[in-house]
Amino acid sequence: MFNKTMSCHTTLRTWICLQANGYNEMETAAGKPPPTDPTVNGSKSPSIIIETANMELKKNLGLTSAISMIVGTIIGSGIFVSPKGVLESTGSVGLSLLVWAGSGLIAMMGGLCYAELGTLLPKSGGEYIYLKAGLGDIPAFLFAWTSILVTRTSSLAIITLTFATYAGSFFQLCGGPQLPEKLISAITIILIGIVNSWSTTLAARVQVIFTFAKVAALVVIIVGGFVKLGQGNTSVISSGFEGTTDSPFIIALAFYDALWAYDGWNNLNSVTEELQNPPKNLPRANVGSVILVIIVYLLTNISYLTVMTVDELLDSPAVAVTWGARVLGAAKVIMPLSVLVSTFGGANGSAYTSGRVVFAAARDGFLPEYLSYLHVKKYTPLPSMIFTVFVSLLMIIPGDTSSLIDLFSFTAWCFYGMTFTSLLILRYKMKEAHRPYKVPIVIPILMVLISIYLVIAPIIHEPKIEFLYAFVFVMAGLLFYFPLVYFNLHFKCIDTLSMYGQLFLEVAPPKSEEDKL
């Protein structure tokens, strides 16, 4: 494991330790002594010992915030810009709507499995925690390695680049100069990082506001669709299953596209420690959020097809903008604004949850312990958030990371399948453990089979050497796991950097498991 140090041995670090323990200058001046240990390092001068009793993530997420965390990260720019992959793959309106509904059902079953895991192991970190408990350290480390360096940070970069594209266009419409998209994306990532580092309560409120705004925009589209249906615009919808593909592999790819649109159904499990009353709120949020998204996705797609033909929808560069131009008239500017709101909210939720994976892995010694430290006053995981922002900024440099995320998306379902397998294993490893919620055993078994199918189907249908590259990258994490984690290779410079990092950011170690007991 990465080396862990829990005490402050230098005068430079005294102030941080005092702040972590709730001491201030007035208390010191009044003669209240700080805790000391005169025997540390054999020194006769007292050293300040960190008491981490209050250093933990605060439970700032209620049911509303929890639902907004899931809905806000699931609904990104895709439903506004290009919800056409499913229709293109299925070949018919009827089958495409069934795939949207079926994919939502799969996401909901996944949410039920994660509800059991999250209430059984109520720690932040999501899949990392469950893989570690069920399958051991290596799968957990490989998940953290892939998630932190590629999948989550690439997703954040893609969302902010989409935001930048629409922000630049909207800014030009208002008479302003054209700004570089990467600059806008970088500013957005940094702004979101500041919000999440400043206050988890503020970040949760931002998520609620932006989720409400994006759902309201989709309600406008849905209501407009009902109006068009009432006017008799049903020719495309009534085509039903005409043109349906007969290839099971193509249909599997359609599910693949739809399930990617539902990605984010598992995000609340990354912040379980910050959720109020997890035994009740986690299952409610996981299921309720996905049901809401299923309804919104189905009705939004139906609304699009009331004003566009199938070919027009497939050819449109931004479906919601095309819909707005035909239905809203002068108020069509609402749609580009809706994309901005949706992408910013999605980026905020993605950053919020991504930082917790870094935090959890560092707390267990799979990353430098410093990345698990919390701000001594705000109790936010400041180092892990800065690290997430830094990697995400690197991801926007090449610009087109969509091919990268597509390449690694099959690994996501590989880890999902391993997580569902962990649930089955934990039914036996932790047979006597209290489970506030217990999913019917058939659901995780079915999810394991679905995961295997979704991993294998795209490889069989269109084998690419890039899939091998992605697999090699995942396994390359072992080159770091064995020397740094298994053999505990330690570099003294990390201690020095950690000490000055504590001083600069005013952070301290979180409460240990022993402290909680």
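The values are calculated or read from the model by the stated rules, or taken from the named source; none is laboratory data. Note that the coordinates shown come from a computational prediction; the quantities given were computed from them, not determined experimentally. Every residue, glycine among them, receives a Cβ derived from its backbone with ideal geometry; neighbour counts consider all protein chains shown. Heavy atoms of the whole protein, side chains included, go into the accessibility calculation; ligands, DNA and RNA do not. Shrake-Rupley method; radii C 1.70, N 1.55, O 1.52, S 1.80 Å.
Can you find a residue that is in contact (Cβ under 8 Å) with a residue 12 or more places away in the chain, more than 19 Å from the chain's Cα centre (by Cα), part of a loop (DSSP other than H, G, I, E, B) and over 30 Å from ARG152 (Cβ atoms) anywhere in segment 218-233? Yes, that holds for at least one residue.
Does THR322 qualify as being under 15 Å from the mean Cα position of the chain (by Cα) and under 16 Å from PRO83 (Cα atoms)? Judged against the criteria, THR322 is not a match. Reported count of residues in segment 122-132, each being modelled with pLDDT of 95 or more, open to solvent by 10 Å² or more (accessible area, probe 1.4 Å) and of a type outside the set (Lys, Arg), is 1.
Taking segment 65-77 on its own, how many of its residues are surrounded by 24 or more Cβ atoms within 10 Å (Cβ to Cβ) and in a helix (DSSP H, G or I)? Qualifying residue count for the region: 9. Checking the stated criteria, SER103 turns out to be closer than 26 Å to ASN348 by Cβ, buried (at least 20 other Cβ atoms within 10 Å of the Cβ) and among the polar types (S, T, N, Q). Which of the residues that make up segment 251-270 are surrounded by 19 or more Cβ atoms within 10 Å (Cβ to Cβ), of a type in the set (Phe, Trp, Tyr) and in a helix (DSSP H, G or I)? If the condition is that a residue be surrounded by 19 or more Cβ atoms within 10 Å (Cβ to Cβ), of a type in the set (Phe, Trp, Tyr) and in a helix (DSSP H, G or I), then PHE255, TYR256 are the ones that fit.
Please specify each residue of segment 271-280 satisfying the condition of being crowded, with 23+ Cβ neighbours inside 10 Å and more than 10 Å from ALA115 (Cβ to Cβ). Within segment 271-280, VAL271, THR272, GLU274, LEU275 qualify.
Go through (1) among the β-branched types (Val, Ile, Thr); (2) under 20 Å from the mean Cα position of the chain (by Cα); (3) surrounded by fewer than 24 Cβ atoms within 10 Å (Cβ to Cβ); (4) under 25 Å from MET335 (Cβ atoms) one by one and return the number of the condition VAL93 breaks. It fails just one condition, (2).
Candidates ILE48, ILE67, ILE74: the one that is at pLDDT below 90 and in contact with a helix residue (DSSP H, G or I) (Cβ under 6 Å, 6 or more places away or on another chain) is ILE48. Note on segment 419-517: enclosed helices (runs of 4 or more DSSP H) holding 2 or more residues that are free of Cβ contacts under 8 Å to residues at least 40 places away in the same chain and buried (at least 16 other Cβ atoms within 10 Å of the Cβ) are 442-461.
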